[in-house]
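Please read the structure below before turning to the comments.
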Amino acid sequence: MKEAVHISGAPLPGPDLQDLLVRVARGDQEAFAAVYDAVSRPVLGLVRRVLRDPAQSEEVAQEVLVEVWRTAPRYQPSRGSAMNWVLTLAHRRAVDRVRSAEAAAARDHRAALLERTPAFDEVSEQVESRLEREQVRRCLRTLSELQRESVTLAYYRGLTYREVSELLSVPLGTVKTRLRDGLIRLRDCLGVSA
């Protein structure tokens, strides 16, 4: 069955779309102009239904028409009408554009996630620091109440020996002894060499 080329609803005299594609396959530019006139609106309409974006639709429709020019020798009349072949090219190209946009969005999303993910060394340092803090807490629990209180005030609160002495109402020498003995026990518990 031959397809007549229609413009404004009236069949054109002369070759049908299938014959025009055969001529386009041989490089006939006039035949391509007729094919372009016959298929550009249906191609744009199909592409616009898939993409919904007018600017992208026009771009993809132009790509399809260039593809028709380049691949006209591949058209096989035995496999379907010329219009169906062109519209299949258009549909595939539009779907490819949608997939490409989705893939780009997914890549951007993954890249954004990677930027928020701390580097391996940073994670490793955080884990080590957390483990060290836990070990210090465990070793602090091995100190006597008086030693723990003196060490906590001096090293975690940043008080001087004299301020610890005044706060606890204990002679300065006693605070120094408690701190020295507490630090020796912490060193031994943590396995730190002197």
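The values are calculated or read from the model by the stated rules, or taken from the named source; none is laboratory data. What you see is a predicted model, and the numbers here were worked out from it, not measured in a lab. Every residue, glycine among them, receives a Cβ derived from its backbone with ideal geometry; neighbour counts consider all protein chains shown. These accessible areas exclude ligands, DNA and RNA; they are computed on the full protein's heavy atoms, side chains included. Shrake-Rupley method; radii C 1.70, N 1.55, O 1.52, S 1.80 Å.
Between PRO73, PRO42, PRO171, the Gaussian network model of the chain with springs among Cα atoms under 10 angstrom shows the greatest mean-square fluctuation at PRO171.
Computed over protein heavy atoms with a 1.4 Å probe, the accessible surface of segment 70-140 works out to 76 Å² per residue. Using only the Cα atoms of segment 61-116, build the gyration tensor, take square roots of its eigenvalues as a ≥ b ≥ c, and label the shape rounded, prolate or oblate: rounded if a/c is under 1.5, else prolate if a/b is larger than b/c, else oblate. Since a/c reaches 1.5 and a/b is larger than b/c, the shape of segment 61-116 is classed as prolate.
Could you calculate the contour length gain from GLU115 to SER78, that is, 0.36 nm times the residue separation minus the distance between their Cα atoms, to one decimal place in nm? Here the answer is 8.0 nm. Karplus-derived 3J(HN,Hα) values for segment 69-79, using 6.51 cos²θ - 1.76 cosθ + 1.60 with θ = phi - 60°, are 4, 6, 10, 3, x, 7, 5, 10, x, 5, 9 Hz; glycine and proline are entered as x. Taken as Cα centroids, segment 135-194 and segment 15-50 sit 89 Å apart, rounded to the nearest whole angstrom.
Highest GNM mean-square fluctuation, the chain, Cα pairs closer than 10 Å: which of GLN76, GLN18, GLN135? Result: GLN135 has the largest fluctuation of those listed. Sequence-distant contacts, meaning Cα pairs under 8 Å at least 6 residues apart, place the relative contact order of segment 136-192 at 45 percent.
The calculated Kirkwood hydrodynamic radius for segment 112-181 is 14.3 Å, given to one decimal from all distinct C-alpha pairs. Can you give me the % of accessible surface on segment 42-190 that is carbon or sulfur? Probe 1.4 Å, all protein chains present, nothing else counted. Roughly 52 percent of what the probe reaches on segment 42-190 is carbon or sulfur. Using 1/(1 + (r/R0)^6) with R0 = 35 angstrom and r between the beta carbons of VAL170 and ARG130, what's the FRET efficiency to the nearest 0.05? Efficiency at R0 = 35 Å is approximately 0.55.
Build a GNM of the chain with springs between Cα atoms under 10 Å apart, and of ARG97, ARG70, ARG157 the one that fluctuates most is ARG157.
Of the GluC sites (Glu not before Pro) found in segment 58-113, none is in coil by DSSP with at most 13 other Cβ atoms within 10 Å of its Cβ.
Shown here: segment 145-192, whose C-alpha atoms stretch 32, 19, 16 Å along the first, second and third principal axes, sorted largest to smallest. In the frame of its principal axes, the chain has Cα extents of 117, 30, 23 Å, reported largest first.
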